[in-house]
1. Mind listing just one residue for me: the one in region 1-17 that is within 21 Å of ASP93 (Cα to Cα) and not small (Gly, Ala, Ser) and, of those, surrounded by the fewest Cβ atoms within 10 Å (Cβ to Cβ)?
2. Limited to region 86-115, what total is found for residues that are within 15 Å of the ligand (Cβ to nearest atom) and closer than 24 Å to PHE12 by Cβ?
3. Considering only residues that are in a helix (DSSP H, G or I) and in contact with a Leu (Cβ under 7 Å, 6 or more places away or on another chain), look in region 73-87 and name the one that is nearest to PRO29 (Cα to Cα).
4. Any residue in region 11-24 that is without any contact (Cβ under 8 Å) to a residue 60 or more places away in the chain sitting within a Cβ distance under 8 Å of a residue that is assigned to a helix (DSSP H, G or I) and surrounded by fewer than 16 Cβ atoms within 10 Å (Cβ to Cβ)? List the pairs, counting only those 6 or more apart or interchain.
5. Looking for whichever is in contact (Cβ under 8 Å) with a residue 60 or more places away in the chain and on the phi < 0 side of the Ramachandran plot here; the options are MET89, MET57, MET27, MET133. Which one fits?
6. Quick check: is even one residue across region 44-59 in contact with a Phe, Trp or Tyr (Cβ under 8 Å, 6 or more places away or on another chain) and part of a helix (DSSP H, G or I)?
7. Take the conditions part of a helix (DSSP H, G or I), at pLDDT 95 or above and away from the ligand (no atom under 14 Å from the Cβ) and apply them to ARG20. Does it pass?
Amino acid sequence: MAAAQVELVERFPGPGDYCRLRAEAGMAPRTIEAARRGLPNTLYGVSLLHEGAVVGMGRVIGDGGCFFIVVDIAVVPALQGHGLGKRIMTALDAWLRANAPPSAVVSLAADGDAKYLYARFGFAETAPFSVNMEYQVG
Ligand SMILES: CC(C)(COP(=O)(O)OP(=O)(O)OC[C@H]1O[C@@H](n2cnc3c(N)ncnc32)[C@H](O)[C@@H]1OP(=O)(O)O)[C@@H](O)C(=O)NCCC(=O)NCCS
């Protein structure tokens, strides 16, 4: 697979591709039912396509005014390290700059070294003032 032949489209993957991509990228699984309920609530999302197959994704969720969260940033392992994560983040960043009003907070939880990618787009660590807290259902 060549990164140069990958196309970015302003459409988030459907539930099947979404669950597959999360698994392929080594991210914690989401059930197909959770994906069917959650994905329609995406504010803005993009997909990376290679010969018709979905090979990457990223999206923004939130209330559209006060809080925006960047989630589900993933590139299939065979194409990682070729600037595609940066392409996804560039698209989300452009949308956020055009659509998030002054005073809005844009946040994300960075897994491992992905924080270096997000730092390029203005994200700064909030610890020790605040730390990410979560629990998973079931
Ligand atoms: C994180 C991920 C989306 C990055 O995509 P990518 O296509 O590999 O990233 P890019 O090639 O666009 O790299 C962008 C920049 O971020 C940095 N970066 C990205 N991932 C990095 C990593 N794991 N370690 C160190 N730096 C990293 C790169 O150094 C690069 O900067 P450079 O241009 O100065 O070299 C991809 O590695 C991935 O899908 N990982 C598994 C799933 C995951 O962890 N998602 C993030 C959840 S928060």
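1. GLU10
2. So the count comes out to 17.
3. GLY85
4. PRO15/ILE32; PRO15/ARG36; GLY16/ILE32; CYS19/ILE32; GLU24/PRO77
5. Values: MET89 fails: in contact (Cβ under 8 Å) with a residue 60 or more places away in the chain; MET57 fails: in contact (Cβ under 8 Å) with a residue 60 or more places away in the chain; MET133 fails: in contact (Cβ under 8 Å) with a residue 60 or more places away in the chain.
The conditions single out MET27.
6. The answer is no; no qualifying residue exists.
7. Against the criterion (part of a helix (DSSP H, G or I), at pLDDT 95 or above and away from the ligand (no atom under 14 Å from the Cβ)), ARG20 does not qualify.
Rundown of residues vs (1) touching a His at 6+ places or on another chain (Cβ under 6 Å); (2) among the hydroxyl-bearing types (Ser, Thr, Tyr); (3) buried (at least 18 other Cβ atoms within 10 Å of the Cβ); (4) at pLDDT 95 or above, yes/no style:
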site: GLY26; (1), (2), (3), (4): no, no, no, yes
site: GLY45; (1), (2), (3), (4): no, no, yes, yes
site: LEU48; (1), (2), (3), (4): no, no, yes, yes
site: GLY52; (1), (2), (3), (4): no, no, no, no
site: LYS86; (1), (2), (3), (4): no, no, no, yes
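The values are calculated or read from the model by the stated rules, or taken from the named source; none is laboratory data. Since this is a predicted model, take the numbers as computed values, not measurements. Please note: Cβ atoms are built from the backbone with ideal geometry, for glycine as well, and neighbour counts cover all protein chains shown.
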